[in-house]
Amino acid sequence: MKTVSFTEFRANAASYLDDVERGQTVILLRHGKPIAEIHPVTAAAGRAPSWQRAGPRLVVKGTGLAAAILGERGREDVF
């Protein structure tokens, strides 16, 4: 784990991000206080959010709505 000031990170961001790619964690400090933690992406973090993933399909037994409507239309008496 590396701790670096924000100014130092801005000046050498590419090298610190290379370290993150190699598995290290970098903590950014501003005025001596930690403000951010940069760490490698985990397998779970790489997944799409739940609202973007496909949900379960609902299956209802019986006649479909369209078939039921057409069946009713066929039974109507013509006046």
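Taken together, the values in this text are just the output of simple stated rules run on the coordinates, not laboratory data. As the structure is a prediction and not an experimental result, all values here were calculated from the model. For neighbour counting, all protein chains shown are included, and Cβ atoms are generated from backbone atoms with ideal geometry for every residue, glycine included.
When Cα Rg over 2.2 N^0.38 Å is calculated for this entry, the matching label among (1) 2.52; (2) 0.98; (3) 1.48 is (1).
For the chain, what is the calculated [θ] at 222 nm in deg cm²/dmol (nearest 500), taking -39500 (n - 2.57) for each run of four or more DSSP H residues and dividing by its residue count?
So the helix-based figure for the chain works out to -9000 deg cm²/dmol.
What shape does region 1-41 take by its C-alpha gyration tensor, where a ≥ b ≥ c are the square roots of the eigenvalues and a/c under 1.5 counts as rounded, a/b above b/c as prolate, and the rest as oblate? It would help to have the intermediate numbers written out before the result.
Details: a/c = 2.60, a/b = 1.44, b/c = 1.80.
It is oblate, given that a/c is not under 1.5 and a/b is not larger than b/c.
Distance between the 7 Å Cα→Cβ label points at A66 and A36: 5.1 nm.
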